[in-house]
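The values are calculated or read from the model by the stated rules, or taken from the named source; none is laboratory data. Since the model is a prediction, treat every value here as computed from it, not as a measurement. As a convention, Cβ positions derive from the backbone with ideal geometry for all residues, glycine included, and neighbour counts pool all protein chains shown.
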Amino acid sequence: MRIVVAPDSFKGSLSAIGVACAMERGILQVFPDADVVKVPIADGGEGTVEALVVATKGSFRTSEVTGPLGGPVQACWGVLGDGETAVIEMAAASGLPLVPKELRDPRITTTRGTGELVRAALDAGLRKLVVGIGGSATNDGGTGFARALGVRFLDAEGRDLPEGGGALAGLDRIDLSGLDPRLPTAQVTVACDVDNPLTGPRGASAVYGPQKGATPEMVAELDAALERFATVARRATGRDVAALPGAGAAGGLGAGLLFFTPAQLRPGVKIVLETTGFDEIVRDADLVLTGEGRTDFQTAMGKAPVGVAAVAKRSGVPVVCLSGSLGHGAHEVHAHGVEALASTAHEPMTLEDAMSRAAELVEAAAARTCRLLRVGMRIVGRRDPRS
């Protein structure tokens, strides 16, 4: 039996490689002779750098950049095996886990550190950039990112606005004269895990603001601020991108990249799957196990499990998703090729307990799944007593 394990990370608790290894241990408890192939996956968020660097035998680098609250953070990025392509994940510089829960306020968090990582890659002579934009703590439309690369955001008096999405309500003019001259000629591929527009009921503020600490009042404030940003940025750049799928990703960083760089947005999981050669790997598999920290309605918008399932489906290979938790709308993934869902939490427990025990719980869930699979195999293989 050949089983491919292709999970995303369990955000904040276990890397994709860690999840894959835990799944393998659970499988081998039940099927000790199974051929288990581990393919860690990411969709543009946490783990994208690791997945692409490992798959291409590239190298890792670290830069000190501005964190989402303005303090310094050490952010890992990578150079792919071709020696020409930088891979950056905004989660490393501007990610939600970098902000303590009690300090989360998407009106003030900034993507400046992500822009500083891009600048570091340009300084290293790299002109091909893959930028993963999942897992953000921000809602600033990518203005912090753009500031790090020379763009100025001014109020009606010509003063620079403060960092953060809330301040964009006072945006009057954008000065592009200082934009890094290397950027317009760079090849920028954006690994995006969602298809939301910038504003409105499915926009950055409404859908993702609450998980970053936004109250309903803040959501309304931030959405109006991004509307203002879109209007002024369209006037400054001549680009109308706010309604494009993915513009609302990472608190509007998707839109910022489209406004200020020659970016192309692509589903992040497709980039990773293509780079790893997943189509070939899965072709002769009997089963695929995928997974993520939480599966809900957002997963069906293009996150890692449905990307894995889309490729596996072409080869007729069934896919089971093991998730740290199952939320509202999780069942929507069934329409995208995920045939079964299971939570790794098998008993009542706190979130903190579940996260600290993630490896143990994933291993146990994989073993439970394989035991059920073994029962099904026995039913199918059982001889008809009348024969």
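Taking the conditions exactly as written (over 19 Å from S9 (Cα atoms), without any contact (Cβ under 8 Å) to a residue 60 or more places away in the chain and in a helix (DSSP H, G or I)), does D353 satisfy them or not?
Working: over 19 Å from S9 (Cα atoms): no; without any contact (Cβ under 8 Å) to a residue 60 or more places away in the chain: yes; in a helix (DSSP H, G or I): yes.
No: the conditions fail for D353.
Every residue, every condition in (1) of a type in the set (V, I, T); (2) outside any strand (DSSP E or B); (3) within 16 Å of G268 (Cα to Cα), yes or no:
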residue: P305; (1), (2), (3): no, yes, yes
residue: A310; (1), (2), (3): no, yes, yes
residue: K313; (1), (2), (3): no, yes, no
residue: V320; (1), (2), (3): yes, no, no
residue: H331; (1), (2), (3): no, yes, no
residue: E347; (1), (2), (3): no, yes, no
Are any residues in region 129-153 of a type in the set (D, E, K, R) and free of Cβ contacts under 8 Å to residues at least 60 places away in the same chain, and if so, which ones?
R147, R152
Quick check on region 216-239. Is at least one of its residues surrounded by 15 or more Cβ atoms within 10 Å (Cβ to Cβ), out of contact with any strand residue (DSSP E or B) (no Cβ under 7 Å at 6 or more places or on another chain), in a loop (DSSP other than H, G, I, E, B) and hydrophobic (A, V, I, L, M, F, W, C)?
no
Selected residue (criterion: farthest from A20 (Cα to Cα)) from residues of region 266-316 that are surrounded by fewer than 22 Cβ atoms within 10 Å (Cβ to Cβ) and of a type in the set (V, I, T)
T275
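Would you confirm whether any residue within region 256-278 is at positive phi, assigned by TED's automatic domain parsing to the domain that holds A86 and within 16 Å of the chain's Cα centre (by Cα)? Quick ask: steps written out before the conclusion?
Filtering region 256-278 down to residues at positive phi leaves 277.
If we keep only those that are assigned by TED's automatic domain parsing to the domain that holds A86 too, we end up with none.
No, region 256-278 contains no residue that is at positive phi, assigned by TED's automatic domain parsing to the domain that holds A86 and within 16 Å of the chain's Cα centre (by Cα).
When you go through G12, G18 one by one, which is the residue that is assigned by TED's automatic domain parsing to the domain that holds R374, at positive phi and modelled with pLDDT under 95? Even if it seems obvious, please write down each step before you answer.
Details: G18 fails: at positive phi.
Every option except G12 fails the conditions.
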State which residue is nearest to the chain's Cα centre (by Cα) when the search covers only region 194-235 and only residues that are charged (D, E, K, R) and within 21 Å of G134 (Cα to Cα).
D195
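If you check A300, A310, which single one turns out to be without any contact (Cβ under 8 Å) to a residue 40 or more places away in the chain and either assigned by TED's automatic domain parsing to the domain that holds T189 or farther than 19 Å from G135 by Cα (or both)? Don't jump to the end; show me each part of the working.
Working: A300 fails: either assigned by TED's automatic domain parsing to the domain that holds T189 or farther than 19 Å from G135 by Cα (or both).
Just a single option satisfies the conditions, and that option is A310.
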